[in-house]
Amino acid sequence: MEREAIAVGIPKALLYYNYHVLWEHFFYVLGIDLVYSKASDKEILENGKSYAIDEACLALKMYLGHVYYLLDKVDYILVPRIVSLRKHEKTCTNFYALYDIVNNLFKTKIIHYNIDADSHINERKAFIKMGKELGFSRTTSAYAYKKAKRVAKRNARHRLIKQSKLLESPKMKILLAGHPYNLHDNLIGGPIVNILNKLDIEIIYSDIYDDNEGKDKYKSITPHLYWTYNQDIINAILYYQDKIDGVIMVTSFPCGPDSLTNEMCIRKINKPIINLIIDELSSEVGLETRIESFVDIIKARLNHE
Amino acid sequence: MIKECYLGIDVGSISTKGVIIDKNNKIIHSSYLWTEGNPMEAVKRVINNLENDLECTNIAIMGVGVTGSARRLIGSMVGANMVKNEITAHAVGTLSIFPDVKTIIEIGGQDSKIIILEDGIVNDYAMNTLCAAGTGAFLTSQGKRLGIPIEKFGEIALNSSQPVGIAARCTVFAESDLVHKMQAGYKREDIIAGLCDAVVNNYLNNVARGKKIKPPIVFQGGVSKNKGVIKSFERALNEKIYVDKQGHLMGALGIAILSKNNSLGKLFSFKITTEHFETKGHTCPRCPNHCELISIYKNNMLIDKWGNRCDRGLE
């Protein structure tokens, strides 16, 4: 059967950073072309801001800019709706609302991608449904998902091995802890990464850790944690805490879950730790002051010991 | 004999401070004046003042350090051998005068910070984040509304026996609350003492939130000149608050010490006060990031450029 070639657009923001390998390979196996938005820049942010409400977090504003960039370039846009990954846990309201926000703002074709563990829709089911919507059989979609999942796992393993090597570096090591979409975004985490590089710091990222060993580590500081993605961040901090010299938590203003869990980390984790809140008005001089003095503190402590 | 000395400059949003120290970290000369929105001019005037003080003495400036929010710009301008953030500078400066200090409270024009020290090293710090409520700028603007020069604030506040409660979470709220209290007929000194309390409460609940404030406590920055605020801190913390009469110079002192420890042995020339410096800001057109680039020219020659996210901005 000849299929009409379709292009699916993927905004390079929010959950892209968690799942892009999985998505990329799923569509690759199905033979569908993907179009990515470009890396975040001022133009993307300005467009995103003009569509978002004021109260939205910086990362969501950025996301809408990425969607806008793709509008006239693709047939479908992949906008996940991820409510819960495990029972009795939630992601963040942005992720349940994302599909509806995009749908209302842009009236574009969106691929149905919905994960909601509380309603018994797991990742596999979501992918099969997504394949179906694009005209593929259940078997084909299930096969593509299985393949993609394997590649994603292998990729995660490689990243872990690579990062583990950095831990042996003689340089000062700082864990950048936060949501991947903040840490790896050009405009949100980018300036922080640049400053740390200039100071010759080895950067360890919280989205890469051994989740077999690190899973549930968060329970040592709080018995319940409602937000799955914040569990990940705390697990990573606890996983790395003996191997690093300090923690910089990065959050985009005004993130609700982070505002609570970061405060908890500051109080309960016994490591030099600071919280950097980034919004669209953040000045690089201000960031530099905070990061440089944080590094000075760690250096002074290391010399003292 | 020529005496080796070091220059420290602290360029803040409101005031610019300069000190010259000797080899024993003692301040020999200092200058303190308003930045007035023009850091380059302010620094020229500070250096000019210091130069006049130095006349006919045998002093060689062997290092220059710059700190404060305009440190990058001024660092390039004066050719500093040390450019450092103000937290480190303040800690180093204060430690040289109070070696046992455990807590430094610093409230300046637009910044407020807390620095926690242990065994003479900085252990933790916090800084105000998105807004400047509860800083010197807040007090100055409220002073204007009341028609009282900021220098008299402290004296008047000390006369109050019953400070009025004022919401200081946000300058906008504080202002409407203040108007309300004035119209309701509260005494002026009680309102002013209330403002001082408001600054302290704001500080303790925002900047110092979750930090253990241990004595000895040193209070510095421009707001430490305000006796009313000192009294409010003493009331709230129930501890003695140390304020050095040179407390406003701690950043400049600290950066001078850091410059001394890192001296390249190059002689600093006072000539820069007569040289022509100019900055130009423009937006880099090379990609959609639109980085805001700043170029600084000395006698029409480009000497430094920054603001770029990538190397293309430097072309």
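The values are calculated or read from the model by the stated rules, or taken from the named source; none is laboratory data. This one's a predicted model, so the numbers in the text were calculated from it and none came from an experiment. Backbone-built Cβ (ideal geometry, glycine too); neighbour counts: all protein chains shown.
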### Query
So which residues in the range A:211-221 are over 18 Å from the mean Cα position of the chain (by Cα), within 26 Å of A:K165 (Cβ to Cβ) and assigned to a loop (DSSP other than H, G, I, E, B), if there are any at all?
A:D216
### Query
If you take the residues of the range B:257-297 that are part of a loop (DSSP other than H, G, I, E, B) and touching a residue at least 60 places away in the same chain (Cβ under 8 Å), which of them is nearest to B:G120 (Cα to Cα)?
B:N262
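A quick yes/no check of all residues on (1) more than 14 Å from chain B (Cβ to nearest Cβ); (2) in contact (Cβ under 8 Å) with a residue 60 or more places away in the chain:
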| site | (1), (2) |
| --- | --- |
| A:A13 | yes, yes |
| A:V21 | yes, yes |
| A:S37 | no, no |
| A:D41 | no, yes |
| A:K61 | yes, yes |
| A:L70 | yes, yes |
### Message
Which count do you get for residues in the range B:259-307 that are touching a helix residue (DSSP H, G or I) at 6+ places or on another chain (Cβ under 6 Å) and within 14 Å of chain A (Cβ to nearest Cβ)?
### Response
7
### Query
Within the range A:141-180, how many residues are more than 25 Å from A:V29 (Cβ to Cβ) and either of a type in the set (S, T, Y) or within 14 Å of another protein chain (Cβ to nearest Cβ) (or both)?
2
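If you check A:I208 against the conditions, is it assigned to a loop (DSSP other than H, G, I, E, B) and under 16 Å from the mean Cα position of the chain (by Cα)? It would help to see each step written out before you state the result.
Values: assigned to a loop (DSSP other than H, G, I, E, B): yes; under 16 Å from the mean Cα position of the chain (by Cα): yes.
Considered against the rule, which asks whether it is assigned to a loop (DSSP other than H, G, I, E, B) and under 16 Å from the mean Cα position of the chain (by Cα), A:I208 comes out as yes.
Identify the residue in the range B:98-145 that is assigned to a loop (DSSP other than H, G, I, E, B) and hydroxyl-bearing (S, T, Y) and, among all such residues, is nearest to the other protein chains (Cβ to nearest Cβ).
Selected residue: B:T129.
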## Note on the structure
(1) surrounded by fewer than 22 Cβ atoms within 10 Å (Cβ to Cβ); (2) modelled with pLDDT of 85 or more; (3) of a type in the set (G, A, S) all hold for B:A132 apart from (2)
### Query
Among the candidates B:E41, B:E86, which residue alone is of a type in the set (D, E) and surrounded by fewer than 19 Cβ atoms within 10 Å (Cβ to Cβ)?
B:E41
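Looking at A:D216, A:D245, which one is crowded, with 17+ Cβ neighbours inside 10 Å, away from chain B (no Cβ under 13 Å) and touching a helix residue (DSSP H, G or I) at 6+ places or on another chain (Cβ under 9 Å)? Reasoning before the result, please.
Values: A:D216 fails: crowded, with 17+ Cβ neighbours inside 10 Å.
Step by step, each of A:D216, A:D245 is checked, and only A:D245 is crowded, with 17+ Cβ neighbours inside 10 Å, away from chain B (no Cβ under 13 Å) and touching a helix residue (DSSP H, G or I) at 6+ places or on another chain (Cβ under 9 Å).
Considering only residues of the range A:256-269 that are surrounded by fewer than 20 Cβ atoms within 10 Å (Cβ to Cβ) and hydrophobic (A, V, I, L, M, F, W, C), which is farthest from A:D200 (Cα to Cα)?
Once the filter is applied, the top-ranked residue is A:L260.
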### Query
Among the residues of the range A:270-285, is there at least one that is loosely packed, with under 15 Cβ neighbours inside 10 Å, more than 14 Å from chain B (Cβ to nearest Cβ) and free of Cβ contacts under 8 Å to residues at least 60 places away in the same chain?
no
### Message
Any residue that is over 19 Å from A:K271 (Cα atoms), in a helix (DSSP H, G or I) and touching a His at 6+ places or on another chain (Cβ under 9 Å) - is there at least one of those in the range A:162-178?
### Response
no
### Query
Are any residues in the range A:229-260 polar (S, T, N, Q) and touching a strand residue (DSSP E or B) at 6+ places or on another chain (Cβ under 7 Å), and if so, which ones?
A:T251, A:S252
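Considering only the range A:2-81, give the helices (runs of 4 or more DSSP H) lying wholly within it that have at least 2 residues that are more than 21 Å from A:D258 (Cβ to Cβ) and β-branched (V, I, T). Give the derivation first.
Numbers: elements: A:16-30, A:42-51, A:58-70.
Qualifying helices (runs of 4 or more DSSP H): A:16-30.
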